[in-house]
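Quick one: the structure is below, questions incoming.
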Amino acid sequence: TAGTSSRTRYNFLSYFGRATVSFLDKYLLKGSLRYDGSSRFGVDNRYGFFPAASAGWIISEEDFLSNSSAVSLLKLRGSWGVTGNAGIGNFASLGLFGGSSYNRISGLRPVQLANPELKWERTEQVDIGLDYGFANNRISGEIDYYVKTTNDLLLNEPIPGTSGYGTITRNVGSLSNKGFEFVLNTTNVRTEDISWKTSLNLSTLDNKVKELPGGDIVVGRNIVREGETISSFYVVEYAGVDPENGDALFYTNTLNADGSRDRTKTNVYADAERVIKGSPYPEFMAGLTSNLNAYNFDFSFTFQ
C-alpha cells in the first residue's frame, strides 16, 4: 500500500576568467568574468553572465606619505560586481509527478507545476572602502559602505488553489541591502613575553523589498511585502492578560477608514488581524575579540 525511494542530481558548468594589473605597486585594477550554467533553471535560461571589477589606490605609497612614521597603510578601494544565486531545488523548473493511489489502484499524480522560464537570481553590489594602518600597524582596520540590489528573486509564489497547486517557484521582485562595516584591530601590548591584541567589528543592515509585482507573499508567520524587510514577522499582536479571568488579549488591528488601525482589545484570537511586528534580521551587529598571551599562558574571549 506504500513505498518510497529518492534519487537526485544536478549539474553546474562554469567558465571563469580574471585579470589583475598593478602600476607602481600603488594603483591596482582587477576584473573578472563568470559564465555559469545550472540544470536547476529552465532549458532556455540555464546560463548567466556575471562580470565584476575593482580598483585600489594605496595612498600610503605616494611620496607625500611614504616616509611617514605614523601612517603604515592607507588604501582607498572600490568594487562593482554581479553574482548569481541558484539556491533552489534541483528540479524547480520542471513539472513533477509523484506516486499516489485512487480507489486502491496505484498511479501517478502531478505534484509540481512547471516553469520553463525560471532563471538565475542576480545580485549587483557596489562597495567603497578604506583600509588603514597606523603606528607600524599597531592600529589597523577597514571602513566600508555597500549597496546590494537583488533582482529576479527566487521565491515560492502562491497561486490559486483551483489550479491544483499551492505555489510555483518564480523570479519575482527585487530587494535591496545596504549598510556600513567597520573593523578596528589594535595591538595593545607587544613585548618579548607578552602580547595583547583586540579586534572590534561593527556593521549595519538596511533590508527592503523594492518591488513585488504579484503582491504579498505569506508563508506561515512571515510575509514578503513591498517596502518592508523580506520575511518580516506577520503575527497577531499580543495585548497582555485580562486580570479578571487570565485570558490572553490581542489587539484587533482592523483598518479604519483613515488608514489607522483599531487598537481594541479582544480575547478572541480569530477577531485580531495580523500585522508586521518585527524583522528576522538585526539592523546592527557588533563583535569584540581579545587575545592575551603572557609567557606560557594564553587567554581569549569573544563578545557578540
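Multiplying the sequence separation of D216 and F284 by 0.36 nm and subtracting their Cα-Cα distance, what value in nm do you get?
Contour length minus the Cα-Cα distance gives 21.8 nm.
Additional query: Can you tell me which of S279, S195, S290 moves the most in a GNM of the chain? Springs connect C-alpha atoms under 10 Å apart.
Its mean-square fluctuation being the largest, the pick is S195.
Among the chymotrypsin sites (Phe, Trp or Tyr not before Pro) within region 1-82, which fall in a DSSP loop and have no more than 14 other Cβ atoms within 10 Å of their own Cβ?
Answer in residue order: Y10.
For Cα Rg over 2.2 N^0.38 Å, pick the label among [x] 1.24; [y] 1.41; [z] 1.10 that corresponds to the value derived from the coordinates.
[y]
Where a Cα-Cα gap under 22 Å defines reach, which lysines qualify for K210, not counting those fewer than 8 residues away within the same chain?
Result set, ordered by chain and number: K119, K148, K178, K277.
In square angstrom, what is the accessible area per residue of the chain with a 1.4 angstrom probe?
For the chain, the per-residue accessible area is 65 Å².
Per 0.36 nm of contour for each residue apart, how much would the distance between L96 and S5 grow if the chain were fully extended, relative to their Cα-Cα spacing?
Additional length available on full extension: 31.3 nm.
Sticking with this one: Taking the Cα-to-Cβ direction at L108 and at V71 and moving 7 Å from each Cα, how far apart do the two end points lie in nm?
Once both label points are built, they end up 6.9 nm from each other.
Based on the alpha-carbon gyration tensor of region 6-57 and its eigenvalue square roots a ≥ b ≥ c, which shape applies: rounded if a/c is under 1.5, prolate if not and a/b is larger than b/c, or oblate?
Note, shape of region 6-57 comes out prolate.
Using DSSP to define loop residues, name the trypsin sites (Lys or Arg not before Pro) in region 1-34 whose beta-carbon has at most 13 other beta-carbon atoms within 10 Å.
R7, R9
May I pose another question? Once you've got the GNM for the chain with C-alpha springs shorter than 10 Å, pick whichever of L29, L155, L13 has the biggest mean-square fluctuation.
Sorting by GNM fluctuation, first place goes to L13.
Return the carbon/sulfur percentage of the accessible area of the chain, one whole number, probe 1.4 Å, all protein chains in place.
53
Next question. Using +1 at the C-beta of Lys and Arg and -1 at the C-beta of Asp and Glu, which of N207, G166, F64 has the Cα lying farthest in the positive direction of the dipole of the chain?
In the chain, that residue is G166.
Need one word for region 127-198: rounded, prolate or oblate. Basis is the Cα gyration tensor (sqrt eigenvalues a ≥ b ≥ c); a/c below 1.5 gives rounded, then a/b vs b/c decides.
prolate
Projected onto the charge dipole of the chain (+1 at Lys/Arg Cβ, -1 at Asp/Glu Cβ, origin at the Cα centre), which of V147, Y47, L130 gives the Cα projection farthest towards the positive end?
Checking the options against the dipole of the chain, the answer is Y47.
Within 12 Å, Cβ to Cβ, of N222, how many net charges do the neighbouring residues add up to if Lys/Arg are +1 and Asp/Glu are -1?
+2
Taking only DSSP H segments of four or more residues, each worth -39500 (n - 2.57), what value at 222 nm results for the chain once the sum is divided by all its residues, to the nearest 500 deg cm²/dmol?
The helix contribution divided over the chain gives 0 deg cm²/dmol.
Hey, what does the equivalent ellipsoid look like for region 53-120, semi-axes from the Cα gyration tensor as sqrt of 5 times each eigenvalue, largest first, whole Å?
Working through the eigenvalues yields semi-axes of 63, 12, 5 Å.
Cα gyration tensor of region 206-304, axes a ≥ b ≥ c as square roots of the eigenvalues: rounded (a/c below 1.5), prolate (a/b > b/c) or oblate?
oblate
What residues qualify as long-range amide H neighbours of T264, i.e. H under 5 Å apart, gap of 5 or more or another chain, H built at 1.01 Å from N?
Those lying under 5 Å, H to H, from T264 are T252, N253.
Quick one: among D271, D36, D127, which has the greatest mean-square fluctuation in a GNM of the chain with alpha-carbon springs under 10 angstrom?
D271
The values are calculated or read from the model by the stated rules, or taken from the named source; none is laboratory data. This one's a predicted model, so the numbers in the text were calculated from it and none came from an experiment. Here Cβ is always computed from backbone atoms with ideal geometry, including for glycine, and neighbour counts include all displayed protein chains. The accessibility values were calculated without ligands, DNA or RNA, using every heavy atom of the protein model including side chains. Shrake-Rupley method; radii C 1.70, N 1.55, O 1.52, S 1.80 Å.
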